[in-house]
Amino acid sequence: MTDGCEHIRPARAEDASRIAEIFVTNYRENFYPFFKNDGFYYGELNVLDTAAEYAEGSQALKNTLVWDDGVVRGFVRVNGSEVEKLFVEPRFQRQHIGEKLLRYAVSELGADRLMVLEYNEKGIRFYRRHGFELTGEKVLEDGWIPLLLMRKGREG
């Protein structure tokens with residue numbers, strides 16, 4: 001693949017802290033405003049614990065690709081045909097990194113579905129622009145977090 005995708009590579013254990021940093025930063029930026037749960041977002045959710053999920057040999061590490069052009073700027077985690085996580089460091093958003101990670105996940109890994117927070121209008125618009133459509137299916141994660149299923153359309 002070309003068009004910048006030469007910067008996409010499998011995640012390595014030494015990427016764990018950077019992946020965790022991107023993940024935690026995005027969760028706080030994008031989801032805290034909806035839930036305002038200080039205990040979770042500024043206590044339980046932390047880089048050290050999140051990085052541990054990406055330890056050598058972990059399933060999370062095996063399923064993750066990073067955008068690395070000398071600096072890891074974003075990542076996508078795919079499990080089977082589902083995009084589980086897609087985040088770009090906020091400072092580097094709007095540079096098509098997320099788009100290229102998503103395109104790679106679809107074209108190279110066969111990803112065709114994902115769950116998005118119901119309140120995440122920005123995310124829903126992003127995925128729609130890239131050929132995903134809401135299915136009407138809603139799931140409550142942990143019994144109270146509303147997630148919507150999106151599937152890749154035939155044309156997108």
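Go ahead and run the numbers for FRET between ARG129 and LYS36, Cβ-Cβ distance against an R0 of 35 Å, rounding to 0.05. Walk me through the intermediate numbers first.
Working: r = 29 Å, r/R0 = 0.81.
Plugging the Cβ-Cβ distance into 1/(1 + (r/R0)^6) gives 0.75.
Calculate, in whole percent, how much of the Cα-Cα pair population of the range 58-156 lies beyond 17 Å.
Details: 2479 of 4851 pairs.
For the range 58-156, the fraction of Cα-Cα distances above 17 Å is 51 percent.
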Note down the relative contact order for the chain as a percent, whole number, built from C-alpha pairs under 8 angstrom at least six residues apart.
19
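What does the helix-only formula give at 222 nm for the chain: each DSSP H stretch with n ≥ 4 adding -39500 (n - 2.57), the total divided by the residues, and the result rounded to the nearest 500 deg cm²/dmol? Intermediate values should be presented prior to the final figure.
Numbers: 6 runs with 51 residues, N = 156.
Calculated at 222 nm, the ellipticity per residue is -9000 deg cm²/dmol.
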Residues whose placed amide H lies under 5 Å from that of GLU84, excluding near-sequence neighbours
ARG77, VAL78, ASN79
Using alpha carbon centers only, the range 111-156 is separated from the range 44-65 by a whole-angstrom value of 23
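Structure shown: which of LYS100/LYS152; LYS85/LYS152; LYS36/LYS100; LYS62/LYS122 lie over 25 Å apart, alpha-carbon to alpha-carbon?
Values: LYS100/LYS152 15 Å; LYS85/LYS152 16 Å; LYS36/LYS100 31 Å; LYS62/LYS122 28 Å.
Too far apart for the 25 Å limit: LYS36/LYS100; LYS62/LYS122.
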Please compute P(r) over all alpha-carbon pairs of the range 5-111, binned at 5 Å starting from zero, and give each bin as a whole-number percent.
2, 13, 23, 24, 21, 12, 4, 1
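In the range 29-96, which GluC sites (Glu not before Pro) fall in coil by DSSP and have 10 or fewer other Cβ atoms within 10 Å?
On the way: sites: GLU29, GLU44, GLU53, GLU56, GLU82, GLU84; in loops: GLU53, GLU56.
Within the range 29-96, the qualifying GluC sites (Glu not before Pro) (loop, at most 10 other Cβ atoms within 10 Å) are GLU56.
Throughout, read-outs are computed from the coordinates displayed, never taken from laboratory work. Being a predicted model, the structure only gives us computed values, none of them experimental. Cβ: placed from backbone, ideal geometry, glycine included. Neighbour counts: every protein chain shown.
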